[in-house]
Amino acid sequence: MDAEAWDERYAASDLVWSAGPNVFVEAECSGLPAGRALDLAAGEGRHALWLARRGWRVTALDFSAVALDKGRQVAEGSGLADAITWVRADATTWRPPAGTTYDLALLAYLQLPPAQRRAAARGAYDALAPGGALLVVAHDRTNSTEGVGGPQDPEVLMSAEDVLGDLTGLPHEVEHAGRAGRRVEPGHGADDAPARTAWDCVVRVHRAAG
């Protein structure tokens, strides 16, 4: 989907995604000291808003102007306007201003073909300060056959090994990399659908210091 298509999708409903953070983003980031965060493909800003409430200063980036406007309105109504900078740009090509680095870079459910995914992951890594954390959470390659929800196109699904491969040659320390199950409540996708498990890949690495 291009930016125009995402604008239409975000304009069609109050919230495309949930208001709260993804369970794995919350688990992986809760213990990190607040600093400067980069939320790539931020959508309506659920993670940027959550991080800002925890004391982070956040750059929230997405190519959908509609999504960013929705997030900005929530931030302004929540007293978080000064904590979040909203940037309209493509997560695969954007680079921070010279001299700007981040303590956390987040890629949550940015489902792209391999070459674009690699560009986004390496760009996120390059934006980190030494010792900064890169967190990638995405629909796992196995989810289309073993899980529920998410895209069904295998080209945009990934594994933790794929993400680590995208970072080949970039010095980093792996904190966590693997597949994790996420409970999807009854009714997802159909009124009578039972509770099921969605499978995500979760990767957290730190940029090597020095």
Next on the checklist: Can you pull out the chymotrypsin sites (Phe, Trp or Tyr not before Pro) in the range 71-135 whose DSSP state is coil and whose Cβ has at most 13 other Cβ atoms within 10 Å?
Outcome noted: none
Checklist entry - Near the amide H of GLY132, under 5 Å away, which other amide H atoms are found, from residues 5 or more places off or on another chain, if H is placed in the peptide plane? => result ARG207
Item to check | the range 21-109: C-alpha gyration tensor shape, a/c 1.5 cut-off, then a/b vs b/c | outcome: rounded
Checklist outcome for this item: Counting sequence-distant residues (5 or more places) and residues on other chains, those with an amide H built under 5 Å from that of SER159 are ARG141
Next on the checklist: Assuming 0.36 nm per residue, please report the length gained on full extension of the stretch ALA209 to GLU26 beyond their Cα-Cα distance.
Outcome noted: 63.4 nm
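Please report, to one decimal in angstroms, the Kirkwood hydrodynamic radius of the chain built from all distinct Cα-Cα pairs.
It is 17.4 Å.
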Checklist entry - Using θ = phi - 60° and the Karplus form 6.51 cos²θ - 1.76 cosθ + 1.60, what ³J(HN,Hα) does each residue of the range 166-175 get, whole Hz, x for Gly and Pro? => result 4, 9, 3, x, 9, x, 8, 10, 8, 8
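Here, each number is a calculation from the coordinates, and none is a lab measurement. What you are looking at is a predicted structure, and each value in this text was computed from that prediction instead of being measured. FYI the Cβ positions are ideal-geometry reconstructions off the backbone, even for glycines, and counts take in every protein chain you see.
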